[in-house]
């Protein structure tokens with residue numbers, strides 16, 4: 001199983017982490033997906049990566065609009081993370097707590113709890129029990145199709161402190177809601193947000209009089225939202241997305257996994273068509289975040305000014321256009 005490997009170097013400081021993102025075509029065959037994930041982890045070991053990030057529902061592939069929801073639910077249950085204890089232990093046993101090797105694997109999968117299913121992000125690390133709820137993030141914002149199969153996660157967010165900075169987590173549609181990312185940045189002082197997605201591409205927006213049209217509007221939003229999330233909050237956006245066509249629904253997933261610096265600028269981007277391994281070496285996560293804030297720290301003004309505004313002190317006026325006569 002071959003991945004095209006793209007490597008870039010952010011700095012020469014080898015005390016900074018090397019991050020590997022998987023721009024992955026998630027199939028409807030669970031074993032195939034697990035094999036792909038194992039291959040990516042083997043490459044991470046070979047290349048000296050410290051962190052690996054997979055897309056959303058990397059184990060099962062994405063849900064689809066079936067005539068009978070039981071068909072989808074049966075598939076999701078067959079990939080339930082509770083069935084993968086042996087697989088998780090094998091991966092964890094290959095990890096290290098040293099800066100010199102692979103320390104974290106972040107992936108997303110189905111999780112069953114009390115007879116309900118959740119769309120959940122898990123952490124594999126030598127010091128973390130991946131099934132401990134305090135280290136699991138359940139997707140908060142579910143698009144309509146997912147509401148048929150998954151329960152909404154609690155509003156609690158997941159923050160972890162690492163050797164290289166503080167990380168927060170989002171899952172796909174969560175990216176649309178700016179308040180969630182802002183809480184990570186302004187309330188929890190995160191240095192990076194890790195997003196795992198099955199973000200599709202195809203949606204039409206057409207402005208014929210302006211001669212402006214796109215068939216890939218959702219793809220445009222993926223680029224825009226990752227960039228703005230990083231720039232507005234002055235933190236890193238590390239995002240892994242699925243790529244390719246869904247075998248049943250034929251949806252096209254945008255790919256474009258990548259790295260956005262705290263400036264909002266994209267410095268590494270995956271293919272919109274093909275599976276790839278993206279490696280960025282020696283990323284100064286904490287240092288670059290500090291540099292951005294040293295120049296202009298948005299959070300200070302937010303807490304001093306914006307957060308003090310309330311409805312009682314509002315000067316908003318509404319123009320009455322009703323006919324009084």
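Largest GNM mean-square fluctuation across 286, 71, 295, computed for the chain with C-alpha springs under 10 Å, falls on 295. Expressed to the nearest 5 percent, the antiparallel share of DSSP beta bridges inside the stretch 4-296 is 60 percent.
In this simple spin-label approximation, residue 145 and residue 27 carry label points 7 Å from Cα along the Cα→Cβ vector, and these lie 2.0 nm apart. Entry note, the chain: the mean residue ellipticity at 222 nm calculated from DSSP H runs of n ≥ 4, each adding -39500 (n - 2.57), is -7500 deg cm²/dmol after division by the residues and rounding to the nearest 500.
Largest GNM mean-square fluctuation among 260, 199, 64, using the chain with Cα springs under 10 Å: 64.
Computed on the stretch 4-296, with alpha-carbon pairs under 8 angstrom and 6+ residues apart, the relative contact order is 24 percent.
When all alpha carbon pairs of the stretch 4-296 are counted in 10 Å bins from zero, the resulting P(r) reads 6, 30, 38, 21, 5, 1 %. Across 212, 178, 110, mean-square fluctuation computed from a Gaussian network of the chain (C-alpha pairs under 10 Å connected) peaks at 212. With neighbour counts taken as other beta-carbon atoms within 10 Å, the residues 20, 84 rank, fewest first, as 84, 20. One decimal place: the segment residue 97-residue 78 gains 3.7 nm when fully extended, by the rule 0.36 nm per residue minus the C-alpha distance. On full extension, the segment bounded by residue 68 and residue 212 gains 47.9 nm, given 0.36 nm per residue less the C-alpha separation. Full extension of the segment from residue 273 to residue 35, taken as 0.36 nm per residue of separation minus the current Cα-Cα distance, would add 83.6 nm.
Applying 1/(1 + (r/R0)^6) with R0 = 41 Å to the Cβ-Cβ distance of residue 265 and residue 114 gives a FRET efficiency near 0.40.
The numbers here are math on the coordinates, done by the rules we state, and not lab data. As the structure is a prediction and not an experimental result, all values here were calculated from the model. No Cβ is skipped: glycine too gets one built from the backbone with ideal geometry, and neighbour counts run over all protein chains shown.
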